[in-house]
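Here's the structure we're looking at; comments come further down.
Derivation of every value follows stated rules applied to the coordinates shown; laboratory data play no part. As the structure is a computational prediction, the values presented were derived from the model and not from experiment. Cβ atoms come from the backbone with ideal geometry, glycine included; neighbour counts cover every protein chain shown.
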Amino acid sequence: MWGKEKTRDEEVVAAPVAATTRQPAAASKPIETTIGPNTHVKGEIQGDGSLRVEGVVEGNITTTGNLVITESAKVLAEIKAANVSVAGAVKGNIHANRVEVLATGRVWGDMTVKVMLTNEGAYVSGQIIMPKDVKPPQLEVESPKPAAPTPAPASK
């Protein structure tokens with residue numbers, strides 16, 4: 001190992017590794033529509049496919065697909081989507097199966113979700129509502145045990 005000269009056959013050449021960034025899970029389906037970084041949309045957006053927002057959206061977003069909000073995006077809207085990934089800023093309520101707020105993501109609004117993920121550095125201001133039939137733990141109150149009857153003194 002040290003002090004020993006390696007022959008060309010013994011050299012280990014590291015293959016170049018591409019820089020990888022963690023893709024949000026909401027990007028698993030192909031994006032059909034992109035609102036570019038220089039685009040400002042006001043109104044209602046409805047669709048069945050996945051949507052990527054890089055610009056500004058004001059109004060309502062409703063899609064049966066996924067919604068990806070990139071770092072450059074500012075969304076002031078009520079959102080209903082299958083899955084939502086937030087790397088930018090959202091002001092409005094979100095209704096989705098799964099919401100992931102990435103480290104650069106900021107959300108001001110209530111979220112109704114089945115699954116919620118937040119990365120370190122993410123900011124969320126609002127309630128997170130998980131409509132499952134999961135009951136919180138309850139402390140069982142011990143009912144007082146009836147006192148054992150004391151034996152009557154024996155008569156002489």
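Side notes on the structure shown:
- Sorting the segments 116-125, 70-79 by their mean number of nearby beta carbons within 10 angstrom, highest to lowest, gives 70-79, 116-125.
- Amide H partners (placed H, <5 Å) of residue 124, local residues excluded: 107
- Exceeding the 22 Å Cα-Cα cut-off - candidates 42/74; 74/114; 80/135; 42/80; 80/114: 74/114; 80/135
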